[in-house]
1. Test L434 against the stated conditions and say whether it is crowded, with 16+ Cβ neighbours inside 10 Å and either on the phi < 0 side of the Ramachandran plot or not hydroxyl-bearing (S, T, Y) (or both).
2. Name the pairs whose Cβ atoms lie under 6 Å apart, with the first residue in the range 543-555 and over 12 Å from E519 (Cβ atoms), the second open to solvent by 50 Å² or more (accessible area, probe 1.4 Å), and 6 or more positions between them or separate chains?
3. Which one of these is touching a helix residue (DSSP H, G or I) at 6+ places or on another chain (Cβ under 7 Å), in contact (Cβ under 8 Å) with a residue 40 or more places away in the chain and over 25 Å from L152 (Cα atoms): A314, A330?
4. Out of V180, V242, V200, which single residue is under 24 Å from G64 (Cα atoms), modelled with pLDDT of 80 or more and β-branched (V, I, T)?
5. Hey, among K347, K300, which residue is open to solvent by less than 10 Å² (accessible area, probe 1.4 Å), modelled with pLDDT of 85 or more, among the charged types (D, E, K, R) and on the phi < 0 side of the Ramachandran plot?
6. For residues in the range 204-224 being open to solvent by 50 Å² or more (accessible area, probe 1.4 Å) and under 16 Å from L85 (Cα atoms), which is nearest to the chain's Cα centre (by Cα)?
7. With respect to L538, determine if the residue is part of a helix (DSSP H, G or I) and in contact with a Cys (Cβ under 9 Å, 6 or more places away or on another chain).
Amino acid sequence: MSGYDPSDASDPLTNQTRARWRTFVQTETGSAALLLAAVVVALLWANMDPHSYEAAWGATFTIGFDTYHLALDVHEWINAGLMSLFFFVVGLEARREFDMGDLRDRRWVVLCAVAGLGSMVVPALIYVAINAGHDSVHGWGTAMSTDTAFALGILAVFGRRLPAALRAFMLSISVVDDLVALVVIAVFYSEGVEFTALLVAFGGLLAIVGLRLAGVRNGIYCALMSLVVWIALHEAGVDPVVTGLAVGALVVAYPAPRSDLERASRLFRSFREQPTPELQRSAVQGLAAAISPNERLEQKFLPWVSYGIVPLFALANAGIELSGPKLADAFTSPITLGIVVGCAAGKLIGIVGSMAGARLLTRGMLRPTVGWGSVTAGGAVAGASFTVSLLIAAIAFEGEELEQARIGVLTSLVVAFALTWLVSGAIGLLPEALRARALLGTSETPTDLAVAVDPRHDRVRGPERAAVTVVEYGDFECPYCGQAERVVRELLGSDSDIRYVWRHLPLPDVHPHAQLAAEAAEAAARQGRFWEMHDLLLQRQDALTGRHLLAYAEEIGLDVKRFRDDLERHRGARRIAEDVDSADLSGVSGTPTFFINGLRHQGAYDIDALTRAVEQARQRVLAAETSGWRPRD
C-alpha cells in the first residue's frame, strides 16, 4: 500500500475509462512486436533445425493418474489449453464493450455484427471459389479471422494518419470476429461430438452463472468449474478453447459506483490512521471491490496472455521450412492463394460492402461512426490474420498443406500492412475538408455528456461560437486537476477556437476542503470573479482553509464581507449540486474527467493527447459543416 494516493481510487480517467482503453490498446499493440519476434524465431528455428523444432512441440505431456488422465502433446496443450485464456480475455472485452462501451448502443451492435459477418463470409467464399474442386476446400475457416494484436499494431504504425475512433471500431469488429471463429471451430472443425459430455459442459456453465448470481466472489470456484467445462468439451469432441470465450462473456462489467469509491476511501483512511494487517486487508478488499470483476480479471490476465501465451502460440505454430521450391509450390497452391486473396480482398470487400449495404437497407439508420475512408482502411487492416487462422489451419490441415496454409497466413500480414499504407496514403493526398470527411464521416456523433453546455448557467472561458468545447469535471483539491490545469491553460493559450467549461465535482471523502473551495469559487462568481478565484484555488491546492479563502478574496479585489457571508450561508451549494448531478448522469465519478464536443475523452490529459483530441474534434466539425449539423457540446 505504500505510495498509494487515495485520490487514485476516485480518478475514473485512471482507473476506469483511460486505464481500460490505454491498457488494452497499448498492451495489444505493444505485444505485436513480441509476437512478430516470436514468428521470426520460429522461422529461424524451423529452418536451422527442423527436427528439434518438431520434437519440442510433439513431446507428450500427461496430467492425471491411472485411467483418469489427459495426455496431449505440447502443441495441443498450447493450442487447446493456454489459448483458452486468450479467448477468455476476448470474452471479457466483449462483455465490457456490451455493458459499458460502444456496444451499449444496440444499433452499433447490429452494425458491428453485420460488418464482422461480412468480413468473414466474403473471405471464406473467395477461399472456396479458389479451392473449388480440391480437397483443401474444407479449410475455408483459415481465411476468416483477423488477428487483434497485429491489427492494432498496424494501426499504431499509421496512428497519425487515421482517427483514434478507428481503434474502437476495429476492436468491436474483432469481438464479433472471434465469436464467429469459435462457433466455426466448434461446429465445423470438431468431430464425433459426444452429447453426454456436452451436457456436462453446459451444466458447468450454468453453475458458473449460478455462482455469479449468488454473489460468490471467490474466483477459485469459477476457475474449477471452468476447468470442468474445458475437460467436458474436450471429451465431447468440441475444441475446448470455446470455454474461454463463454466464461469471459459471463463476467459482468460496470463503472465504479461512487458509493464503492467512497467506501474504499474510508477503508484506506482507517488503515492510514491505524496500519494493522486486518485494516490493510480490508482496505485492499475495498479497493478491489470498487472495480468490476471484469476489469480486475482483465488486468490480471491480459499481460500474461499478450506477452506470454500468444507469443508462445506463435513460436509453436509459425515454424515453417522456407526454401525456393516450397515457396514456389505455396504461391501456386490454392490453399495459400485462397488465404492471401481471401484475407486481403475479402476482408476489405466484406467490411466496406456489408456496412454500405446496411446503411442502404436501413436508409441511413445504421451507419459507421467514422468516415468511409476509415472504414476502407479498417478493411485493409483486418486482412492481418494470424492467431485464430493458424489455430484452424492446425485442425484442418496436415503436412505440406499445413505449411502452405501457414505461409498464406504469414503473407497476409505483409499484404495487410502494404494495403493499409496505400489506403492511408491515398486519403492523406485529399484536400483538408475531403480528408476530414473521409476519415471522420458526416454522421452526427453520439454524446456522452448528459447535460449540454449552457452559457447562461455554466462557467465558460473562451469564445461562445468556438468550434470545440472542452468540459472538465474538476475538484479544486485534486492534485490531478492541478496538473491538468496547466495543460488546459497551455491548450487555451495556443488555440483561440476552443471554449472551456469548468463543472464542479468535489470529492469530500478524499479532499476535505474541496466543497468549501467550490463554494468559494461560486461566491467569487457572484461578484464576477469566478475565473480569478478558479485559477488561484488550483495554484494553491495545499492551502484551502477558510482563512486562506478569505485571503484570496481580498487578493483578487472582492468585497470580503459579502464573500464571507456567501460562504457562511452556502449560497453556492445548490449550483455545485447541479454540477454533481450532471456528473452522475454522465457516468462521472472522479476527477479530472474531460468531454470534448460532448464525447468523453478516452485517453491521457497531457498536452499532446488533449491537442490531438481537440484537433480531431475540429476536423469532425469541418467534415460536418456541409451536412447541416454541428456536434453537441
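The values are calculated or read from the model by the stated rules, or taken from the named source; none is laboratory data. These figures come from a predicted structure and were not determined experimentally. Methodologically, a virtual Cβ is constructed for each residue, glycine included, from the backbone with ideal geometry; neighbour enumeration extends over all protein chains shown. We work out accessible area using only protein heavy atoms, side chains counted, and drop any ligands, DNA or RNA first. Shrake-Rupley method; radii C 1.70, N 1.55, O 1.52, S 1.80 Å.
1. Details: crowded, with 16+ Cβ neighbours inside 10 Å: no; either on the phi < 0 side of the Ramachandran plot or not hydroxyl-bearing (S, T, Y) (or both): yes.
Spelling it out, it is not the case that L434 is crowded, with 16+ Cβ neighbours inside 10 Å and either on the phi < 0 side of the Ramachandran plot or not hydroxyl-bearing (S, T, Y) (or both).
2. The qualifying pairs do not exist here.
3. Details: A314 fails: over 25 Å from L152 (Cα atoms).
Every option except A330 fails the conditions.
4. Working: V180 fails: under 24 Å from G64 (Cα atoms); V242 fails: modelled with pLDDT of 80 or more.
Criteria check complete, one pass: V200.
5. Details: K300 fails: open to solvent by less than 10 Å² (accessible area, probe 1.4 Å).
That would be K347, the only listed residue that is open to solvent by less than 10 Å² (accessible area, probe 1.4 Å), modelled with pLDDT of 85 or more, among the charged types (D, E, K, R) and on the phi < 0 side of the Ramachandran plot.
6. If we take residues in the range 204-224 being open to solvent by 50 Å² or more (accessible area, probe 1.4 Å) and under 16 Å from L85 (Cα atoms), then A223 is nearest to the chain's Cα centre (by Cα).
7. Values: part of a helix (DSSP H, G or I): yes; in contact with a Cys (Cβ under 9 Å, 6 or more places away or on another chain): yes.
So L538 passes the test.
Each row is one residue, and each column tells you yes or no for (1) in contact with a Ser or Thr (Cβ under 7 Å, 6 or more places away or on another chain); (2) under 29 Å from V176 (Cα atoms); (3) among the hydrophobic types (A, V, I, L, M, F, W, C); (4) surrounded by 14 or more Cβ atoms within 10 Å (Cβ to Cβ).
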site: A55; (1), (2), (3), (4): no, no, yes, no
site: T62; (1), (2), (3), (4): no, no, no, no
site: W77; (1), (2), (3), (4): no, yes, yes, yes
site: M83; (1), (2), (3), (4): no, yes, yes, yes
site: A113; (1), (2), (3), (4): no, yes, yes, yes
site: I130; (1), (2), (3), (4): no, yes, yes, yes
